[in-house]
Amino acid sequence: ETGVTQSPTHLIKTRGQQVTLRCSSQSGHNTVSWYQQALGQGPQFIFQYYREEENGRGNFPPRFSGLQFPNYSSELNVNALELDDSALYLCASSRTSGRLGDTQYFGPGTRLTVL
Amino acid sequence: DQQVKQNSPSLSVQEGRISILNCDYTNSMFDYFLWYKKYPAEGPTFLISISSIKDKNEDGRFTVFLNKSAKHLSLHIVPSQPGDSAVYFCAARTGGTSYGKLTFGQGTILTVHP
């Protein structure tokens, strides 16, 4: 069984640029969630995608957007990068079945540095 | 507004002893709680979870206790091993339309000394 994978591992961008991060969900999972983890903090929920639609969003501006594809993989896009966007971006996949206990499994993350 | 708090930034224990990691929450709508472990350069790894209808859940060396009246949960690791050294995050989830959103604490760095 393949786990959650993310690409790239590391990325350096300059302020104002745009970035796309990618995530492949674990086999059998149909839901992808994205989190931002700043240094010394816990992960913060950005949004979740289920059946290719956004299914909940955290307190992040519209310049953070996403996509989910028919194979359940996902992209996170961030426009007009700011210095504070420097963080570890984590993707988590899960299987939504309407029951409690659909645990989210995380990928290794993408470290984004904005200069 | 920090709805999930881990007030101890770090914890140091001897190998073989018990490690107790604590977590407090403020949102009474949370109905499911999880613990994750994170090593450097890796994503968080799921450890154990508990539903709000229970007060204890065990899985091998790991036990999670939930005290709903105190809005407090704890993770017990017995016996602790050097490989348990990592950052531990507690997380909580509500039902309904916020089903997918996990709210995390800031993490506690556990160091287990041989």
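Set Lys and Arg Cβ to +1 and Asp and Glu Cβ to -1, take the dipole of the protein assembly as shown about its Cα centre, and tell me which of A:S7, B:P114, A:T110 lies farthest positive.
Most positive-ward Cα: B:P114.
If you filter region A:34-115 for trypsin sites (Lys or Arg not before Pro), then keep DSSP loop positions with at most 10 other Cβ within 10 Å, what is left?
On the way: sites: A:R51, A:R57, A:R63, A:R95, A:R99, A:R111; in loops: A:R51, A:R63, A:R95, A:R99.
Answer by residue number: A:R99.
Express in Å², to the nearest 10, the accessible area of B:F30 obtained by rolling a 1.4 Å probe over the protein heavy atoms while all chains stay in place.
We get 10 Å² for B:F30.
For region A:46-98, calculate the relative contact order in percent as a whole number, restricting contacts to Cα pairs under 8 Å that are 6 or more residues apart. Display every interim value, and only then the final one.
Working: 51 pairs, mean separation 13.1, N = 53.
Once normalised by length, the contact order is 25 percent.
How high is the relative contact order of chain A, in percent, with contacts defined as C-alpha pairs under 8 Å that are six or more residues apart? Walk me through the numbers before you get to the answer.
Values: 298 pairs, mean separation 41.4, N = 115.
RCO, chain A: 36 percent.
Given springs between every Cα pair under 10 Å in a Gaussian network model of chain B, which of B:A92, B:A41, B:A70 has the largest fluctuation?
B:A41
Taking amide H atoms as placed 1.01 Å from N in the peptide plane, list the residues 5 or more away in sequence, or in a different chain, whose amide H sits under 5 Å from that of A:S73.
A:S25
Put +1 on the Cβ of every Lys and Arg and -1 on every Asp and Glu Cβ in chain B; which of B:S49, B:G100, B:C90 then has its Cα farthest towards the positive end of the dipole?
B:G100
With a/c under 1.5 counting as rounded, go ahead and sort chain A into rounded, prolate or oblate using the C-alpha gyration tensor (a ≥ b ≥ c being the square roots of the eigenvalues; past the cut-off, prolate if a/b is larger than b/c, else oblate). The partial results should precede the final answer.
Working: a/c = 1.79, a/b = 1.70, b/c = 1.06.
Because a/c hits 1.5 or more and a/b exceeds b/c, chain A counts as prolate.
How large is the accessible surface of A:F60 in square angstrom, using a 1.4 angstrom probe and rounding to the nearest 10?
Looks like 30 Å² after rounding.
Run the dipole for chain B about the Cα centre, Lys and Arg Cβ at +1, Asp and Glu Cβ at -1, nothing else charged, and hand back the magnitude in debye, nearest 20. Intermediate results must be reported in sequence, preceding the final value.
Details: 11 positive and 9 negative charges, 32 e Å.
With only Lys, Arg, Asp and Glu charged at Cβ, the dipole is about 160 debye.
Rounded to the nearest 100 Å², what is the sum over both chains of accessible area buried where B meets A, with a probe of 1.4 Å?
Values: alone 6270 and 6440 Å², together 11090 Å².
Counting protein atoms only, the buried area is about 1600 Å².
Translational diffusion coefficient of chain B at 37 °C, 0.692 mPa s, Stokes-Einstein with Kirkwood Rh over Cα pairs, in µm²/s as a whole number.
Values: Rh = 14.2 Å.
Translational D for this selection: 231 µm²/s.
What do you reckon, how do B:H113, A:H10 stack up by accessible area (1.4 Å probe), largest on top? Don't skip to the answer; put the middle values down first.
Values: B:H113 80, A:H10 130 Å².
Highest to lowest solvent-accessible surface, that is A:H10, B:H113.
Name the lysines eligible as straight-distance cross-link partners of B:K5: C-alpha to C-alpha under 20 Å, and not fewer than 8 places from it in the same chain.
Cα-Cα hits under 20 Å: B:K37, B:K38, B:K56, B:K68, B:K71, B:K101.
How much accessible area does A:K13 have with a 1.4 Å probe, in Å² rounded to the nearest 10?
50 Å²
Return the carbon/sulfur percentage of the accessible area of the protein assembly as shown, one whole number, probe 1.4 Å, all protein chains in place. Mind dumping the intermediate values first?
Numbers: 5370 of 11090 Å².
Accessible surface attributable to carbon and sulfur in the protein assembly as shown totals 48 percent.
Remind me, relative contact order of region B:64-114 in percent, using alpha carbon pairs under 8 angstrom and six or more residues apart?
Details: 58 pairs, mean separation 17.7, N = 51.
About 35 percent, as a whole number.
About its Cα centre, how strong a charge dipole does the protein assembly as shown have in debye, to the nearest 20, once Lys and Arg get +1 and Asp and Glu get -1 at the Cβ?
Computed charge dipole of the protein assembly as shown: roughly 140 debye.
Using a 10 Å cut-off around each Cβ of peptide B:30-39, what is the average number of partner chain Cβ atoms that fall inside? Provide the component values of the computation, followed by the final result.
Details: counts 0, 1, 4, 0, 3, 0, 7, 0, 7, 1.
The shielding value for this peptide is 2.
Quick check: with the 1.4 Å probe, what order do B:L102, A:L115, A:L11 take by accessible area, largest first?
On the way: B:L102 5, A:L115 120, A:L11 40 Å².
So the residues, ranked largest to smallest area, are A:L115, A:L11, B:L102.
Summarise the partner chain shielding of A:33-42 as one whole number: the mean count of Cβ atoms from other chains within 10 Å of each residue's Cβ. Can you show the working numbers first?
Numbers: counts 3, 0, 5, 0, 6, 0, 0, 4, 4, 17.
Taking all residues of A:33-42 together, the mean is 4.
The values are calculated or read from the model by the stated rules, or taken from the named source; none is laboratory data. Predicted model, so just to flag it, every value in this text is computed and none were measured. Every residue, glycine among them, receives a Cβ derived from its backbone with ideal geometry; neighbour counts consider all protein chains shown. The area values use the complete protein model at the heavy-atom level, side chains included, leaving out ligands, DNA and RNA. Shrake-Rupley method; radii C 1.70, N 1.55, O 1.52, S 1.80 Å.
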